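Participant: Here it is, the structure in full.
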Amino acid sequence: MVTAAWVIEQGRAVGFDKVGIAPAAAVPELEFFPQWLEQGYGGEMDYLRQLRRRDVRELLAEARSVICCALGYDSGSPRSTEVPYDVERGWISRYAWGDDYHEIIAEKLEALRARLAERAGVGFQAKLYVDTGPVLERVYGRYAGLGWQAKNTCLLDAELGSFFFLGVLVTNLELEPSEPLADGCGSCTLCIEACPTEAIVAPYVLDARRCLSYLTIELRGTIPEEFRPALGRHVFGCDICQDVCPYNRRSWVSDLPVFQPRPVETKLETRNSKLGKRGEKSENRKEKTENRDTEHGSRVANRESLFHPRLDWLASLGEEGYRRVFEKSAVRRAKWRGLVRNTLVAMGNSGNARFRPLLEKFAAGDDPLLAEHARWALQQLEAQ
Ligand code: B12
Ligand code: SF4
Ligand code: SF4
């Protein structure tokens, strides 16, 4: 017989950090979703409009349970809110420092599905979703007891914190649901206050159109000018509303090497840089930066990582270099053009005049989107 306890044990055995069971039922939070879309909070993310997204039984008619699995990705490096502003560097969100989580989670879900299939036998059905499918994963994750849906809208657990990914198996197995957790946010509003664009428009409600994560990853065209200064150094995603959360101060750290910041080699001029010079102490407690001279002391090959990367390196990657560096990385979602667009904005925000020649190159280039963002960045540098 397949019991909830056995399923949870198997989920842990394949490598998930927390596993729980939600009923495949109509829960009240699903009702918020159409309202959220009607408000326009989903911006240009048209894939969210799929009607099937409202209830997992639209995906599997015989669905009885949703097995929800969490995998922590905090590699232990400092929070964005702890790392001082460096006019040479940008910020990639923590979840994208290592390998793309979609494949990692999907593999573990497959392993779990295989164990269940073997035990349950004929008639067993299970569909696997990680992010890409039309499932409101956090709503089911909440009912599976993985965390409460916090004021910043992330699923949050007192021990795990919120730096974890979700994956689900929608199945026809009738399993005892787990106990949902009580809301632990209380009177705290730190995330709402810290958000640089006021994207958390009310507790538990995010206007994605204002969120830096949406603006730097999902939005394909022009970043509205009103949000560009608030983008600061962010070039991919944003961690602020999680980094300020008291539960993430003492959150659990993953020892999976795949979530450690990916090492990269940057070959760039550093002679005139104000920060990030040879011998300067890296902000990353775990990271060791090695500099070695290659050309008369003016050009150096830096072994760095995707933690707090150099902006000039990102902007100089080129499409081929981008594909190489970000192979099997979640950063691929922004595409080369999106990442460079964001980097140009971060350069404008840096006030670092050293970026002027690179920005001028993009401003005169034949890509209208990049040229416009580069011109804006040059104007910001002029205004300094
Ligand atoms: C679209 C999307 C985004 C969008 C929109 C985010 C959002 N809050 O909706 C953008 C691009 C902004 C985004 C950003 C991020 N995302 Co995202 N994203 C998704 C995705 C694909 C769908 C989410 C969705 O359907 N949103 C629609 C809204 C309405 O749903 P919801 O957030 O669950 O909203 C509920 C509440 O708002 C509540 N609600 C609504 N109104 C009201 C009113 C009241 C009064 C109350 C009480 C409640 C309430 O009910 C809603 C459900 O109907 C999911 C994967 C998935 N398939 O679920 C990942 C997912 C949510 N993202 C994830 C991550 C990691 C992130 C980022 C941390 C990445 C980053 N560092 O940049 C940020 C976090 C930003 C944030 N504060 O949420 C993880 C979350 C893990 C976790 N622990 O919560 C997920 C689950 C992916 C995964 N498989 O791991 N994301
Ligand atoms: S991810 Fe950043 S921009 Fe988005 S809600 Fe959180 S703090 Fe605001
Ligand atoms: S910062 Fe405070 S309100 Fe925001 S998610 Fe964390 S505990 Fe909840």
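Participant: Here are LEU175, LEU160, LEU166: which of them is more than 13 Å from ligand 1 (Cβ to nearest atom) and either touching a residue at least 24 places away in the same chain (Cβ under 8 Å) or in contact with a helix residue (DSSP H, G or I) (Cβ under 8 Å, 6 or more places away or on another chain) (or both)?
Facilitator: On inspection, the qualifying residue turns out to be LEU175.
The rows are residues; the columns are (1) at positive phi; (2) within 16 Å of ligand 2 (Cβ to nearest atom); (3) at pLDDT 95 or above.
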site	(1), (2), (3)
VAL135	no, no, no
LEU146	no, no, yes
PHE164	no, yes, yes
THR171	no, no, yes
GLU179	no, no, yes
GLY184	no, no, yes
THR197	no, yes, yes
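Participant: Shifting gears a bit: Let me spell it out: the conditions are (1) of a type in the set (D, E, K, R); (2) within 21 Å of ILE200 (Cα to Cα); (3) surrounded by 20 or more Cβ atoms within 10 Å (Cβ to Cβ), and ARG49 meets all of them except one. Which number is the exception?
Facilitator: So ARG49 meets the others, but not (3).
Participant: While we're on this one: Being under 18 Å from the mean Cα position of the chain (by Cα) and either assigned to a loop (DSSP other than H, G, I, E, B) or at pLDDT below 95 (or both) is the filter here; which residues of the stretch 218-243 pass it?
Facilitator: The answer is LEU219, ARG220, GLY232, ARG233, GLY237, CYS238, ASP239.
Participant: Moving on to the next point. Residues in the stretch 123-131: is at least one more than 7 Å from ligand 1 (Cβ to nearest atom), open to solvent by less than 60 Å² (accessible area, probe 1.4 Å) and without any contact (Cβ under 8 Å) to a residue 24 or more places away in the chain?
Facilitator: Checked against the condition, which is being more than 7 Å from ligand 1 (Cβ to nearest atom), open to solvent by less than 60 Å² (accessible area, probe 1.4 Å) and without any contact (Cβ under 8 Å) to a residue 24 or more places away in the chain, the stretch 123-131 yields no hits at all.
Participant: Please indicate, with yes or no, whether at least one residue in the stretch 283-290 is touching a Gly at 6+ places or on another chain (Cβ under 9 Å), modelled with pLDDT under 95 and surrounded by 13 or more Cβ atoms within 10 Å (Cβ to Cβ).
Facilitator: Scanning the stretch 283-290, I find at least one residue that is touching a Gly at 6+ places or on another chain (Cβ under 9 Å), modelled with pLDDT under 95 and surrounded by 13 or more Cβ atoms within 10 Å (Cβ to Cβ), so the answer is yes.
Participant: Restricting attention to the stretch 84-94, which residues are assigned to a loop (DSSP other than H, G, I, E, B) and open to solvent by 10 Å² or more (accessible area, probe 1.4 Å)?
Facilitator: PRO84, TYR85, ASP86, VAL87
Participant: Of the numbered conditions (1) open to solvent by 70 Å² or more (accessible area, probe 1.4 Å); (2) touching a residue at least 40 places away in the same chain (Cβ under 8 Å), ASP99 satisfies every one except a single condition; which is it?
Facilitator: Failed condition: (1).
Participant: Being closer than 26 Å to HIS102 by Cβ and not in a loop (DSSP other than H, G, I, E, B) is the filter here, so list the residues in the stretch 160-204 that pass it.
Facilitator: Those that are closer than 26 Å to HIS102 by Cβ and not in a loop (DSSP other than H, G, I, E, B): GLY161, PHE164, PHE165, LEU166, GLY167, VAL168, LEU169, VAL170, THR171, CYS191, ILE200.
Participant: Output the residues belonging to the stretch 160-176 that are closer than 16 Å to ILE8 by Cβ and more than 16 Å from the chain's Cα centre (by Cα).
Facilitator: Those that are closer than 16 Å to ILE8 by Cβ and more than 16 Å from the chain's Cα centre (by Cα): LEU160, VAL168, LEU169, THR171, LEU173, GLU174, LEU175, GLU176.
Participant: State whether the residues of the stretch 19-32 include one that is open to solvent by less than 50 Å² (accessible area, probe 1.4 Å) and more than 22 Å from GLY145 (Cβ to Cβ).
Facilitator: No, there is no match, as no residue in the stretch 19-32 is open to solvent by less than 50 Å² (accessible area, probe 1.4 Å) and more than 22 Å from GLY145 (Cβ to Cβ).
The values are calculated or read from the model by the stated rules, or taken from the named source; none is laboratory data. Bear in mind that the values here come from a model prediction, so they are computed numbers and not experimental data. When we count neighbours, we look across all protein chains shown, and the Cβ atoms used for this are built from the backbone with ideal geometry, even at glycine. Please note that ligands, DNA and RNA were not included when accessible areas were found on the heavy atoms of the full protein model with its side chains. Shrake-Rupley method; radii C 1.70, N 1.55, O 1.52, S 1.80 Å.
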